[in-house]
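Asker: Have a look at the structure that comes next, please.
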Amino acid sequence: MALPRIWEDREIRFDLPGIDLQPRSGEHILMRCEGVEDTKGNAGDSGSLSISNLRVVWNSHVSSRISLSIGYNCVVQVTTKIINSKLMGVAKALYILTRTPSARYEFIFTNLDASDILKHYNAVLAVYKSYCSSRLYRELRLRGAIFHGPGQLRTLRNERIMNTLRGVWNLASDQGSLGTMLISNIRVVWFAEMNEHFNISLPFLQIKQVRVRNSKFGDALVLATQEGPGGGGYVLGFRIDPAEKLQAVCQELIALHKAFTREPDFGVHVDFASPEVTQGEEAVQQIREELAVEKEVQEIDDRPNEMSDALVNYYAAGSESTISEVSKSKNPVSFCSELGLAIETPKEGFTVKSLWEVLTNDQA
């Protein structure tokens with residue numbers, strides 16, 4: 001049985017139903033911060049910020065319909081930014097820049113408790129770093145640097161080698177390649193006997209099916225991987241002799257895969273007591289001094305937030321957008337005789353001529 005599709009760390013979603021806000025199997029809430037403003041998209045609204053091992057979730061205290069889910073795989077940068085918040089005025093806030101296949105978004109979160117100003121920033125940064133350094137738990141790797149010596153696998157945190165099988169043929173080529181298979185509680189590793197750089201690291205997270213199937217090499221162990229990012233939709237074949245041993249290995253992998261599926265380990269482990277995460281009063285005082293002398297403040301857009309405009313509010317400057325990515329405009333499209341084009345009808349109080357004059361004056 002394969003895991004249900006994992007989207008939490010790979011997507012950005014807005015205004016989620018309640019069921020999607022709940023942690024999935026293997027997801028753990030590592031920290032929750034109350035009294036956090038979504039300054040970019042819901043200025044003036046207080047909410048709670050939940051930091052899990054897969055994503056950052058913000059949901060509004062004002063309306064249960066308003067929420068965000070930011071997967072770490074979409075994150076490009078985590079830093080702080082001086083902003084002008086409706087609730088806090090000039091403040092230092094958590095800034096998250098993200099990228100999806102179709103657009104870039106930016107998120108700004110302001111902690112309303114000045115004495116807790118670094119809490120969620122340090123937590124998000126620490127968890128994001130752990131996520132980036134633990135991809136072997138979640139992604140198939142071919143020809144990776146997974147050894148630190150001859151036959152010495154770089155074991156992952158909480159990883160235990162359950163079985164070592166020598167004389168296993170990888171059936172990827174016409175002749176096959178002889179090597180060794182290592183089975184742990186987290187993944188399956190195979191490497192060639194003559195060249196350790198020819199290897200496979202396949203986490204149980206990406207295994208879709210385990211079975212024995214007939215091939216031109218005889219009965220073979222077949223591992224089918226998940227489609228999409230991280231898995232690639234591969235079908236990997238291995239020959240293990242004798243037949244009794246092949247069946248035993250297949251049953252062992254099925255059992256380990258089922259156990260892993262019940263409680264998956266995504267590899268994100270953070271010690272919140274470490275110096276990297278905790279910051280003393282000196283750091284908070286330094287931020288207060290920075291705020292006192294800060295002259296250039298980024299003004300946050302104070303336009304009223306509406307559900308239909310949720311995506312637009314978070315677009316990062318310079319993002320390329322398409323009609324399907326942005327909520328439909330409120331203003332209808334009409335033919336403009338002055339330009340000879342179909343355009344969005346200007347807002348009330350504006351004309352094409354007045355807008356054109358503003359453009360030409362700016363260029364002048």
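Asker: Determine ³J(HN,Hα), in whole Hz, for all residues of the stretch 226-234 in sequence, where each value follows from phi through the Karplus function 6.51 cos²θ - 1.76 cosθ + 1.60 and θ = phi - 60°; x replaces Gly and Pro.
Answerer: So the J values, rounded to whole Hz, are 5, 6, x, x, x, x, x, x, 8.
Asker: Going 7 Å from the Cα of Arg143 in the Cα-to-Cβ direction, what parts of the stretch 226-263 have a backbone nitrogen less than 15 Å from that spot?
Answerer: none
Asker: Pop the C-beta distance of Gln152 and Ala248 into the FRET formula with R0 = 41 Å and round what comes out to the nearest 0.05.
Answerer: Numbers: r = 26 Å, r/R0 = 0.63.
In this case the efficiency is close to 0.95.
Asker: State the extension gain, in nm to one decimal, for the chain segment bounded by Thr79 and Lys353, taking 0.36 nm per residue of separation less the distance between their alpha-carbons.
Answerer: That works out to 94.4 nm of additional length.
Asker: Let a ≥ b ≥ c be the square roots of the eigenvalues of the Cα gyration tensor of the stretch 166-240; is it rounded (a/c under 1.5), or, if not, prolate (a/b larger than b/c) or oblate?
Answerer: Note, shape of the stretch 166-240 comes out oblate.
Asker: Something else now. Hey, with R₀ at 45 Å, roughly what FRET efficiency would Arg135 and Ser334 work out to, going by the Cβ-Cβ distance, to 0.05?
Answerer: In this case the efficiency is close to 0.35.
Asker: Which ³J(HN,Hα) values, rounded to whole Hz and listed in residue order, are derived for the stretch 247-253 from phi using the Karplus coefficients 6.51, -1.76 and 1.60 in 6.51 cos²θ - 1.76 cosθ + 1.60 with θ = phi - 60°, glycine and proline given as x?
Answerer: Taking θ as phi minus 60°, the curve returns 5, 5, 5, 4, 5, 5, 5 Hz for the stretch 247-253.
Asker: Would you pull out the residues with amide H under 5 Å of Lys208's amide H, same chain only if 5 or more places away, H placed 1.01 Å from N?
Answerer: Long-range HN contacts for Lys208: Ala224, Thr225, Gln226.
Asker: In the structure displayed, which of Lys40/Lys81; Lys40/Lys92; Lys92/Lys129 lie more than 19 Å apart, Cα to Cα?
Answerer: Numbers: Lys40/Lys81 12 Å; Lys40/Lys92 13 Å; Lys92/Lys129 21 Å.
Beyond 19 Å between Cα atoms: Lys92/Lys129.
Asker: Enumerate the amide H contacts of Ser85 below 5 Å, restricted to partners 5 or more residues apart or on another chain; note that Pro and chain-start residues carry no placed amide H.
Answerer: Amide H to amide H, under 5 Å and 5 or more residues apart or across chains, Ser85 pairs with Val90, Ala91.
Asker: Sticking with this one: Take Phe14 and Leu97, extend 7 Å from each Cα along the Cα→Cβ direction, and tell me the distance between the two endpoints in nm.
Answerer: 2.1 nm
Asker: Also, quick follow-up: Express in nm, to one decimal, how much length is gained between Arg160 and Glu34 on full extension, taking 0.36 nm for each residue of separation and deducting their alpha carbon distance. Write down the numbers at each step before the final one.
Answerer: Details: separation 126, 0.36 × 126 = 45.36 nm, distance 3.78 nm.
Extra length from Arg160 to Glu34 when fully extended: 41.6 nm.
Asker: What is the extension gain from Ser46 to Ala273, computed as 0.36 nm multiplied by their sequence separation minus the C-alpha to C-alpha distance, in nm to one decimal?
Answerer: So the chain would gain 79.0 nm between Ser46 and Ala273.
Every read-out reported here was derived from the displayed coordinates using simple, explicitly stated rules and does not represent laboratory data. Keep in mind that what you see is a predicted model, and the values were worked out from it rather than measured. Neighbour counts are summed over all protein chains in view; Cβ atoms, including those assigned to glycine, are modelled from backbone coordinates with ideal geometry.
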